[in-house]
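Presented below is the structure to which this report refers.
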Amino acid sequence: MALSVSDLSAIYSLLANSMSQDESNRKPAESALAQSESRPGFCSCLMEVITAKDLASQVDIRLMASVYFKNSINRYWRKRRDSSGISNEEKQHLKQKLLSHLREENYQIAQMLAVLISKIARFDYPREWPELFSFLAQQLPSADVLTSHRIFMILFRTLKELSTKRLTADQRNFAESDLQTISHGFSIITQSYNSNGKEQHHDDLYLTFWNESILFECFILQEIRPVKEVSPVLLNAAQSFLPYYTSLQNSHPKFWEFIKRACTKLMKVLVAIQQRHPYSFGDICVLQPVLNFCLNKITDPEPDILSFEQFLIKCMVMAKSVFECKEYKPSVTGRVMDKNGVTLEQMKKNISNAVAGVLTRLLPNERIILLCNVLIRRYFVLTTSDLEEWYENPEVFHHEQDMVQWTEKLRPCAEALYIVLFENHSQLLAPIVVSILQEAMNGCPTSTTEITPGLLLKDAAYGAAAYVYYELSNYLSFRDWFNGALSLELSNDHPNMRIIHRKVALILGQWVSEIKDDTKRAVYCALIRLLQDKDLSVRLAACRSLCLHVEDANFSEKDFSDLLPVCWGSCFKLVKEVQEFDSKVQVLNLISVLLGHVNEVIPYASNLMHFFQMVWEESSGESLLRIQLLIALRNFVIALGYQSPSCYSMLLPILQKGIDINDPDELNLLEDSMLLWEATLSHAPAMVPQLLAYFPCLLEILERNFDHLQVAVDIIEDYIILGGREFLGMHASSVGKLLDLIVGNVNDRGLLSILPIIDILILKLVVICLSGDDGDPSKMAVKASSAAIIARVLVMNTNYLAQLTSEPSLSSVLQQTGVAIEDNILLSLVDVWLNKVDNVSLPQKKAFGLALSIILTLRLPQVLDKLDQILSVCTSVILGGTEDLTEEESSGDNMSYGRSHDEDLLPSKELRRRQIKVSDPINRLSLENSVRDNLQTCAALHGESFNSAIAKIHPAAFALLKQALKMP
């Protein structure tokens, strides 16, 4: 039954009760409203509540009505199977009512009304509501400031909603939506400000500027063509607003705050337009004035603008965006001559070349040098507030300087701009940076103890040299710089020298690739010394730089080995002293890297175990820190090798918690815990009861999903190799269940990863072998590997496979999968072995040959039909020898049972793998003897038919067969 005006009071009461804190009132009201949502007239009643003048003061009830209205639009605006939805007549009434209530005074309600219109426009524009934008445009000329603000709010919300539709037709409608409305509105706003701005009341001006802000967002949402017209207006607006930043700071604080946001917003919009429409923005009438303005504000700002950091950041972001824009790089590719017309790509190249010319004229060498000098001498220099922050909390200061988003702070933003500028003009700026560095070092000797402008300039110059090491190394010898200045800086232990010490640590990390062998030892000693500095910021900087050195491909363990005890001790001490989460992760990362790159770990194993136990206990609830700890533990286990059981008392309880899928932190810790599990098994000298007891956890993990299939396969292989009969005797059923779970339920890549350890579930492998698409390379690889396993089974237990292939259940399964068997299953497998012999490795080829030679002993006449092919394959395998053996297979097949020094360095898993290869019966069987003996059996079984089949073999092939079998 439809709702009407008479139901308004009931709806109002329900809305009021739905916000009651008394559950006995709230629950029935919510239930009644939910039941009314699908009734005709419900949205009309809500609309009346929202727009009723006598309810203007009851904002909470009106907001609740708008929320229910929005939900009803989402659910019932379109017709549904279980509901007829909102009728067309009611839809038309609601749209008219919304557009007639544009001048809503309450901002929250106005926002919700804009959202409602945007939601309806998503469904109805342009087909059912084509007049939306034209109506809004008609209201703008006569609208007051408040109404125009509400119109622009609607416009922005609607365009934003339409922009999220992804279908091609919807995207076309969005691109063709009424651009004239936006442009017309923008002209009205700017004319209003230019003519009346100074006479308007401050509140009216506030709304005017908000209108502009909303409209600027609309320009970004639209794929606007006239960027040339829009961008200069935005720039002029920013230039007009900036003077108010100074004049209104004391007299009108509220308006001054808004001016700050408006100027920042204007520059942000300009940056967004440049990044979205680089080619249009590259026009000389746009790019030149905008970039000129930004560079002037950076290099020569008014005194008050220097404190306006957010605005300066946006200017730097704009300059950086232009400098590194790939669309503005001149094209080095040629053009096909005499090609009809000009392609879009050629137009882009022409624009790029034109913009490159504009930038060249706009950035003469003098201006580039000036910008570089200003960035280093003004923006890189630490301020008084920086130093105060550092002294109050060195740890927080370190992370704010090194990990903050570069667009959020002025100094990191200046550093990012400087790096791009230097990359574009390295040959010009390298001598300039070196000269600034020399000037700073000469003006502030290493014996300085006071914080002087000279010391702060040296800190800035050191930073400038650190950030562009890859280009500056051609102009500056690191060895001379280190021996003549950097190493001497560390001899001054005055507390104020923390400023320089921190920057020296940064330099030593950044210049790692330029440090030669004759300097490595001294640099390592310097970093260890910095790691023991009294200031936490310096120690954390040294920690990060030391990590870069250890990870470097040219890391010299010989020069570092005697420093390890001090390094471990410093790391343990630092973790105890720091408070910030990022600091702990940084130190733990260094420990993890050290464990992965140094060999001398066992002497420090006891201290490391104590340290890991402490960190694990203290990091409860900090999943990211525990992830880093699990990575470090994995490297620790690998470094210990056969000595890893010495840490099981600490390791295994941590591992057990990490692989428990019922643990609250399981989602974050499981992946790294499984990698640690695999490393523990791989490097264990023998199986222990605790590890045996953990295996069922793997079944629980894979029963949930296959996200960690590859490492799970490795773990299964580890258990089979390490645990042997003891493991299989205890967990054979779980292994079978695991393999049954995997085969047939994962993709080809996952299936291929499990095949090396599958020697059971042959029935499923036979189905795979006889079905599938040979045209798919991944399926062909699966098929070939499956055939090799079945061949091995035939060689090892001929009666078992013969019995299996004669089972009616197997034939039934094959029929269900659409596999047609003409003779019998075993002969169909022979066809697979014959066809796939070229798609497998040499050991697998030998298994194919042995299996085919056994087929010769079958009392089946069809064997003689395939005799030529069988003997051809066996001949090629015998004569092929070992020329295709990989290095791993060769070393595995030829290794002796004795253990060499190199074997002692191998993980336990790898050593056992090689031993299994040596004892593999397939390797010990002679294919030559097998073919010779089975040919005699075949001749005895088939008599004259065999001789006829042999006579049909090509003489050349028969000669090769005699050669392979060494027959006279």
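At a glance:
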read-out: Cα→Cβ-extended label distance, 7 Å offset, between ILE602 and LYS737, nm; value: 4.0
read-out: Region 579-733 - percent relative contact order, Cα under 8 Å, separation 6 or more; value: 21
read-out: Region 1-101: equivalent-ellipsoid semi-axes (sqrt of 5 x gyration tensor eigenvalues, Cα, Å); value: 21, 17, 11
read-out: Lys pairs under 18 Å by Cα in region 1-101, provided they are eight or more residues apart or on distinct chains; value: 7
read-out: Accessible area in the full protein assembly, largest first, 1.4 Å probe, for ARG498, ARG634, ARG529; value: ARG529, ARG634, ARG498
read-out: Fully extended contour minus Cα-Cα distance, from MET347 to LYS534, at 0.36 nm per residue; value: 61.3 nm
read-out: Two-site FRET efficiency, GLN643 against ASP552, from Cβ-Cβ distance with R₀ of 35 Å, rounded to 0.05; value: 0.80
read-out: Per residue solvent-accessible surface (Å²) - region 1-101, probe of 1.4 Å; value: 55
read-out: Cα centroid separation, region 628-685 to region 1-44 (Å); value: 57
read-out: For region 67-136, the fraction of alpha-carbon pairs in successive 5 Å shells from zero, as %; value: 3, 15, 27, 27, 17, 8, 3, 1
read-out: Protection proxy ranking, peptides 348-360, 35-47, average beta carbon neighbours within 10 Å, highest first; value: 35-47, 348-360
read-out: Accessible surface, region 265-322, averaged per residue in Å² (probe 1.4 Å); value: 34
read-out: Region 601-685 - Rg (one decimal) and Dmax (whole number), Cα, Å; value: 12.0, 37
read-out: Mean Cβ count within 10 Å, highest first, over the residues of peptides 7-14, 956-963, 293-300; value: 293-300, 7-14, 956-963
read-out: Inter-centroid distance (Cα atoms) of region 518-556 relative to region 242-269, Å; value: 46
read-out: Integer Hz, Karplus 6.51/-1.76/1.60 couplings in order for region 930-941, x for Gly and Pro; value: 4, 5, 4, 5, 6, 5, 5, 4, 4, 5, 5, 6
read-out: Spin-label model distance (nm) - GLN869 vs ASP559, 7 Å beyond Cα toward Cβ; value: 6.5
read-out: Segments 482-489, 505-512, 685-692 sorted - mean Cβ within 10 Å per residue, highest first; value: 505-512, 482-489, 685-692
read-out: Net charge of neighbours whose Cβ lies under 15 Å from the Cβ of GLU514, counting Lys and Arg as +1 and Asp and Glu as -1; value: -2
read-out: Compactness of region 453-550 as Cα Rg over 2.2 N^0.38 Å, two decimals; value: 0.98
read-out: Region 646-747 - Rg and Dmax from Cα coordinates, angstrom; value: 13.0, 41
read-out: Of every Cα-Cα pair in region 497-567, the percent that sits beyond 18 Å; value: 29
read-out: Candidate lysines for bridging to LYS326, where Cα separation is under 30 Å - those fewer than 8 sequence places away on the same chain excluded; value: LYS160, LYS165, LYS228, LYS265, LYS268, LYS297, LYS314, LYS339, LYS348, LYS349, LYS409
read-out: Estimated inter-spin distance, GLN275 and ALA956, nm [label 7 Å along Cα→Cβ]; value: 6.7
read-out: Cα convex hull of region 458-502 - mean projected area over all directions, nm²; value: 3.2
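The values are calculated or read from the model by the stated rules, or taken from the named source; none is laboratory data. Quick caveat, the model's predicted, so the values are computed rather than measured. In this analysis, Cβ positions are derived from the backbone assuming ideal geometry, glycine residues included, and neighbour counts consider all displayed protein chains. Quick note on the areas: whole protein, heavy atoms, side chains included, nothing else; ligands and nucleic acids left out. Shrake-Rupley method; radii C 1.70, N 1.55, O 1.52, S 1.80 Å.
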